[in-house]
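The next block holds one structure in the form of structure tokens; read it before the comments.
The values are calculated or read from the model by the stated rules, or taken from the named source; none is laboratory data. Predicted, not measured: the structure shown is a model, and the values here were computed from it. So basically every Cβ, Gly included, is an ideal-geometry build from the backbone, and we count neighbours across all protein chains shown. Ligands, DNA and RNA are stripped out before the accessible areas are found, and what is left, the full protein with its side chains, is counted by its heavy atoms. Shrake-Rupley method; radii C 1.70, N 1.55, O 1.52, S 1.80 Å.
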Amino acid sequence: MATKKCPNGHQYDSSIYGDNCPFCPSSSHTRVNNDFDMGGGATRATSDAWGGGSGDGAHSYGAVGATAATKAFEGFDGDGGHTVIRTFDGSDTGNAEGGRKVVGVVISYSANPAGEVFKIYEGRNIIGRGNTADICFSKDNQMSSQHFLILYVEAEGIFWGEDQKSSNGSYVNGKFARGMVELHTNDVIVLGGTKMVFLGVPEF
């Protein structure tokens, strides 16, 4: 690890962050997932960037594979929620402001008959009732605070979904989601009293 100290006295791994300290407010590595708000359900930022929905914050990637997950997920600081998405060639992805790449959407008509669209970003996306969820359905009392995970690792190119030990379970295409399940475009996901359709963004 190449340790470096910024002018504010923070020590960090310069092989991951370069000259940008991830602890300073001006850092370009701050995780962003709150730039899209449709009203009834809101996409929010959360400091629970890499921990799962279970009580201890730990998460098992299951079928994702340890090698892909380890190489793709580097550079997380648990205190500040700073995230850098890494690819196999070591380059960073995302825009100049540090936002993650949009790789899909979920659309729901349950709360609003006109429909609501929520962005799915590269990495972890938690759907739930709690205000710490990345995609929040605060009015669905049948949904757990952190109910369902959608995970996308660019190096692997596969979407995964996983129930986060919710009270009422998660269903994909009418089947109970047990463990990690692979998600495909047009899959119908039901969480609590909310139904949504998942759409992955085609590669271009």
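Residues in segment 151-180 that are touching a Lys or Arg at 6+ places or on another chain (Cβ under 8 Å) and at pLDDT 95 or above: Leu151, Asp163. Residues of segment 153-188 that are surrounded by fewer than 22 Cβ atoms within 10 Å (Cβ to Cβ) and of a type in the set (Val, Ile, Thr): Ile158, Val172, Val181, Thr185, Val188. Within segment 91-109, the set of residues being modelled with pLDDT under 95 and part of a loop (DSSP other than H, G, I, E, B) comprises Ser91, Thr93, Gly94, Asn95, Ala96, Glu97, Gly98, Gly99, Arg100, Lys101.
Scanning segment 134-152 for residues that are surrounded by 23 or more Cβ atoms within 10 Å (Cβ to Cβ), assigned to a strand (DSSP E or B) and under 10 Å from the mean Cα position of the chain (by Cα) gives Ile135, Ile150, Leu151, Tyr152. Considering the conditions (1) of a type in the set (S, T, N, Q); (2) farther than 24 Å from Gly99 by Cβ; (3) out of contact with any Lys or Arg (no Cβ under 6 Å at 6 or more places or on another chain), Ser145 is excluded by exactly one of them, (3). Residues of segment 189-204 that are open to solvent by 30 Å² or more (accessible area, probe 1.4 Å) and either assigned to a strand (DSSP E or B) or of a type in the set (Val, Ile, Thr) (or both): Val190, Lys195, Val197, Leu199, Val201.
Restricting the first member to segment 163-178 and to residues that are in a loop (DSSP other than H, G, I, E, B), and the second to residues that are buried (at least 16 other Cβ atoms within 10 Å of the Cβ) and of a type in the set (Ser, Thr, Tyr), the beta-carbon pairs closer than 6 Å and six or more apart or on different chains are Ser166/Ser144; Ser167/Ser144; Ala177/Ser170.
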